[in-house]
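Enquirer: Handing you a structure now.
Please treat every number below as a calculation from the coordinates, not as lab data. This structure is a prediction, so every number in the text was calculated from the model and none was measured. Note that we place each Cβ from the backbone using ideal geometry, even for glycine, and neighbour counts take in every protein chain shown.
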Amino acid sequence: MTPADFKPLWSGQRAADSPLKLVGVRGALEIGHPNRVDIYDDLIFVVDENAGTVTAWLASVDPSLPLILNPINPDGCAQLVDGVHLFGRGIHKGNPAWPCLIQAEDFTIDRLDTNGNVKGQESGDFGIHLHSGGTGTDTKRFSAGCQIIHNGDGYFQDPTWSGFIQTIYAAMKAAGIAVVPYLLMDAADFTLPIPDTVSNPVTP
């Protein structure tokens, strides 16, 4: 895949001219089956037009099942809606050792009931970050609505997470941009082939 392959996906979208883009595909590894919220079955692509590269990362773009069943927010767990969202540099939970991407604008989310059904929408700053997940296939309790990258080295441990986030930070600096657009979509709307390999596979 090349950055040019992703241009049709961004046609008419906000921030289509950004030289660095992220694309999240919900249910990418579950095509033909219902999307699951308890495992890493999604992909996040890093599309760097200046470098001419595309990398695919195993991820979960959904809240974790335990936090849907027992939400932190009494109004219900948050699930980011499809569309373009702008992220900036930041840290997770105020920890300088946990660099991540944070909301750079108000996001729109669906509020889920404890059965995972949508009961309403809200817009605002909900602290939705793109951050490290953990090991294995189960997303455990790592996401209350955040976008998480599978990390076989452990939560925010090197080298997997630093390989992801520092590459993005470096590309943002090289492009002279303070925010990076993230296009979230369902697998049914993703018109490109699903890659056979990812940069962060689950290993035994």
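Enquirer: Lys/Arg Cβ at +1, Asp/Glu Cβ at -1, dipole of the stretch 3-189 taken about the Cα centre: which of GLY24, PHE126, ALA59 is farthest positive-ward?
Expert: Sorting the options by dipole projection puts first PHE126.
Enquirer: Shape of the stretch 48-154 from its Cα gyration tensor (a ≥ b ≥ c, root eigenvalues): rounded if a/c is under 1.5, otherwise prolate when a/b > b/c, or oblate?
Expert: Values: a/c = 1.67, a/b = 1.34, b/c = 1.25.
Here the stretch 48-154 falls in the prolate category.
Enquirer: Can you tell which of GLY12, GLY133, GLY52 shows the greatest fluctuation in a Gaussian network model of the chain with Cα springs below 10 Å?
Expert: GLY12
Enquirer: Now, a different point. Using the alpha-carbon atoms, what tilt in degrees (0 to 90, nearest 10) does helix 160-175 show relative to the longest principal axis of the chain?
Expert: 50 degrees
Enquirer: Okay, next question. Sticking with the crude label model, points 7 Å out along Cα→Cβ, report the distance from SER123 to ALA188 in nm, one decimal please.
Expert: 2.5 nm
Enquirer: Still on this structure, I have one more. Taking a label point 7 Å from the Cα of THR137 along the Cα→Cβ vector, which residues of the stretch 19-34 have an amide N closer than 14 Å to it?
Expert: The answer is 29-31, whose backbone nitrogens lie closer than 14 Å to the label point.
Enquirer: Report the relative contact order of the chain, percent, no decimals, based on alpha-carbon pairs under 8 angstrom and at least 6 residues apart. Don't skip to the answer; put the middle values down first.
Expert: Numbers: 458 pairs, mean separation 53.5, N = 204.
In percent, rounded to a whole number, it is 26.
Enquirer: Under 10 Å, Cα contacts only: if you run a Gaussian network model on the chain, which one of PRO99, PRO19, PRO159 comes out with the highest mean-square fluctuation?
Expert: Answer for the Gaussian network model of the chain: PRO159.
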